[in-house]
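**Q** There's a structure below that I have some questions on.
The values are calculated or read from the model by the stated rules, or taken from the named source; none is laboratory data. If you're wondering where the values come from, they're calculated on a predicted model, not measured in any experiment. A quick note on method: Cβ atoms are made from the backbone with ideal geometry, for glycine too, and the neighbour counts reach across all protein chains shown. Each accessible area value is taken on the protein alone, full model and side chains, heavy atoms only, with ligands, DNA and RNA left out. Shrake-Rupley method; radii C 1.70, N 1.55, O 1.52, S 1.80 Å.
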Amino acid sequence: MPPVPPRSQTEPLVPHRRETPGRRPATAWRQGLWALPMLLSVLFAIGVVLWAAQRERDERAEQQRSLVADTLSLEAQLRGRIDLEYAHLRTLAAQLARRPHRQDVLESHPGVAAGFRRLWISVTWLDARNRIIAEVHDGLPKRRASVEDDWEGLSSHLVVGVGTASQPEPERLDRLDGRAAERLVVRYSPAVLLKRDTPWWFTSKYIVRLVDASGPVLAAVGADEAGVHLDDSHVSHRVLVGDGMPGAFLELVLRERSASQLAELPLVLTSGFLLLIAVATWLLRRQVRQVSRAEAAWRTEAGWRSAMEDSALVALRARDIEGRLLYVNRTFCEMVGLPPKELVGRLPPMPYWPADQIAEAQQRNRRNLAGLAPREGYEARWRHRDGHTLDVMVFESPLIDASGRQIGWMGSIIDITQRKRLEERERHQAEAMAHQARLTTLGEIASALAHQLNQPLTAIASYNGGVLRSLQQAGFDHAPVLRALQRQGEQAREAGRIVQRIRQFLTRRSPQREPCDLPATLRRAVELLRRDLQRQHITLEWALDEPLPEVLADPVLIEQVVINLVRNAADELAQHGGSRRIRLHAELAGERHLRVDVDDSGPGLRGRSIEQLTAAFYSTKCDGMGMGLAICRSIIEAHYGAMDASAGPLGGARFSFTLPRAEVATPPEPTPAAAPAAAPAAAPDPSSASTEPDTSR
C-alpha cells in the first residue's frame, strides 16, 4: 500500500451517520425553522409601530380640524355678542346726545342699568377734550353675586362717538375720523363675556382663553376650575377676535394632553407576543421532540457501539495520519493502565513504550504510518503503568471516513503475554523433562553406586580396625599414626552410615528419627567443611543458646541440610569482595520447635522468595543441577518442620529451618514427603560425605 501523504492539519475523527431508509434528509428551510418565530415577532412589532404611528397622525389631524371648527364657531359667537353690545352702546349714545350733559342723566338712564346687568363694569362720558362729563360704575344692588368676582381683573373697552346736530348717527370709535366731539366708553369683563357666551360642552372639552397679542391672558374659562397646567403637550388653536377687542385672540386648548398612541404599544405587543410565543412554543416543541427522538436514537446507537467496543476483549485504538491517538477503548486502557484522558491527543513517543525501546518503537511507528505495517500483524512489547511489561500482537488497517478518504489508522491489539509465558513454560517443561530423564538415570546409577560402595566401605572400616589392633598389640605407640588410623576408621564408618541413609532416602523410606543433640549435630556437619572454609578465608561464628533441648530428627540427614546451606553460603561469599562471615544460630522457637539460622554477609537474596529458591531444577550456578535446596526442604518437611529465607542481620541472606523437640509428642509418622523426581541426583559422594551443594540464590 503506498504511503498516505501527510496533511497540514489533523482532521477530527467524525463518526459516520447512517441514513435511515425511506427518510429524506432535512431541507434548508426545515433546519432554519427555529428562526421563524423571531422573524414573525420582528415583523409584527414593526407593523404595530407603523400602524400606531399612522393612527396617531390621523387622530391628530381629525383633532386639529375639530379644534379649528370649534374655535371659529366660538369666535363668531363672541363677535356677534360684541356687535350686540356695540348696538346697545350706539343706542345709548344717540339718546344721550339729546340730553343734558349731567351726571344724573347718565346714572338714571335705563340703558346703563341694562348694560350693567349684562356685562358692563363702568360707563364714562368724555367730551371732545377727553374730559369726563359723567362716569357711572356698576354699583347697582341688582347685580348678581355669581358674577361679582368675575368683574375683578383685566377688562376691555367699547368706545362709540356721541352724535351731534351735524352727525345724528353715533359711530364706533374705530370708525371715527375726528368729527365727533364727544365719546362714550364702556368697560366690560371679558371673563364674564366668555362664561356667559361659551356653551357648557365647550368648557368640558376645551380651555377657552382670550390672549393679548403681547402674550398676557385677558380671560380664561375652565383652566382654574380643572387645575390644568398648560404646556406644549396640549393641542391649541387661536384666531383673532377683531372688532371690539383689537389685538386679542381667542384660543381653544384641549384639556387632554396629546398622548402618543405609541403608549398603547406594550399592551398590543404583549397580546401579539403571547400569540406568537404560543405558536413559537408549539413549533419549538415539535422540533424539540424531533431532536429528542433523533438524539435518543443517536444515544442508543452510540451506546450499542460503545458497549460493543468496551466489551471486546481486543484493544482498539484510532490514530490520525500524524500518529496522534484519537480514540481508545476500555480494553486498551486496562491493557496499559492509563485513562483515556492521558492517551487521547498524545503524539509519539507513547507513555506505554518501554524506556529502553523508544528508538525501536519510533522506527516501527514511522514504518506503520507510511503504510508498511505487516498485514499479518507484528509483535511488540509494551509497558504497563505499574511497571510490568506485556507482549502484544498489533494489527494495523487504514481508517476510512464516510467520504471514502483515509484519515488515519485503526489498530487492533491482542495481549499475548500469557500465551508467550505458556509457550516459554512449555519449553522449560520440555527441557526439564529431558533433564529429569537424565537425572533419573543418574539417580539410578547413584543408588546402585551407593549399594556397591557399602561393602567396600565396610571392608575399609574392618581393615582399619584390624590394622589398629595389630599395631597396638605390637606395642606401636606413635600417637599421630594411631590417631590418624582411629579417625580414618571413624570417617569410614561415617561414610558408610551416610551412604546407607542416602540410600534409604532415595528408596523413599522414612527418616530414622531419634532424639539427638542439635548443637553436636551442627558442629559435626561444620567440621567436615572446616578445611574448605579456612581455604576461602571465611570466618565461622556460633550463636547457640545452651542448653538446648534435644530434637527428634535423623542426624545424618540434618547434617546434610546444614552442610548444603553452609556450602551455598561459602560459594556466595567466594564471589563477594567484602567481609566473609557465616553465623550459625540455634534457639527455641515456641514450645514445640527449635530453630536454626544460617546467616552470611554475602549479596543477599536479590528479591527471590523461598518458593523460587527451592523449586526443582532452579539454580544460579552454571554447573548446578538445582536440586540441593529442593532436597533440603523435602528433608525438613519430612521432619514436620518448615524452611524459610529472608534478609539476614549480617547484610546477606538468612536460611532458617525448624525441627520438633524430642520430648513433645509427635503425630504418627506418615509416608515422608517424597523428594523431587530427580532426587537421586543428590546422592552423596562418599569421599566428601555430603550431598551436591547447589545454591538457589
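The rows are residues; the columns are (1) more than 19 Å from R330 (Cα to Cα); (2) surrounded by 14 or more Cβ atoms within 10 Å (Cβ to Cβ); (3) touching a residue at least 40 places away in the same chain (Cβ under 8 Å).
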position	(1), (2), (3)
L369	yes, yes, yes
P374	yes, no, no
W382	no, yes, yes
L390	no, yes, yes
L399	yes, yes, yes
G408	yes, yes, yes
G411	no, yes, yes
I416	no, yes, no
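**Q** Here's a follow-up. Which residues, counting only those in segment 105-139, are basic (K, R) and part of a loop (DSSP other than H, G, I, E, B)?
**A** Within segment 105-139, R129, R131 meet the criteria.
**Q** Where the second residue is at pLDDT below 75 and the first is of a type in the set (G, A, S) and lies in segment 196-219, which pairs have Cβ atoms under 7 Å and are six or more apart or on separate chains?
**A** A213/G247; A219/L154
**Q** Right, another one. Can you pull out every residue in segment 324-346 that is of a type outside the set (D, E, K, R), surrounded by fewer than 19 Cβ atoms within 10 Å (Cβ to Cβ) and in contact (Cβ under 8 Å) with a residue 40 or more places away in the chain?
**A** Of everything in segment 324-346, those that are of a type outside the set (D, E, K, R), surrounded by fewer than 19 Cβ atoms within 10 Å (Cβ to Cβ) and in contact (Cβ under 8 Å) with a residue 40 or more places away in the chain turn out to be Y327, G337, L338.
Condition check ((1) surrounded by 14 or more Cβ atoms within 10 Å (Cβ to Cβ); (2) modelled with pLDDT of 85 or more; (3) under 60 Å from the mean Cα position of the chain (by Cα)) across all residues:
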position	(1), (2), (3)
R55	no, no, yes
R60	yes, no, no
D70	yes, no, no
R79	yes, no, no
H88	yes, yes, no
I121	yes, yes, no
T124	yes, yes, no
I132	no, yes, no
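**Q** Can you find a residue in segment 266-281 that is open to solvent by less than 60 Å² (accessible area, probe 1.4 Å) and at pLDDT below 75?
**A** Yes: one or more hits.
**Q** Please specify each residue of segment 241-258 satisfying the condition of being within 17 Å of D197 (Cβ to Cβ) and either open to solvent by 50 Å² or more (accessible area, probe 1.4 Å) or at pLDDT below 70 (or both).
**A** G242, D243, G244, F249
**Q** Something else: For S412, all conditions in the list (1) assigned to a strand (DSSP E or B); (2) farther than 15 Å from A318 by Cβ; (3) small (G, A, S) hold save one; what is the number of the exception?
**A** (2)
**Q** Next question, about the same structure. Could you figure out which of (1) more than 20 Å from I321 (Cβ to Cβ); (2) in contact (Cβ under 8 Å) with a residue 12 or more places away in the chain; (3) surrounded by 13 or more Cβ atoms within 10 Å (Cβ to Cβ) isn't true of P349?
**A** The number of the failed condition is (1).
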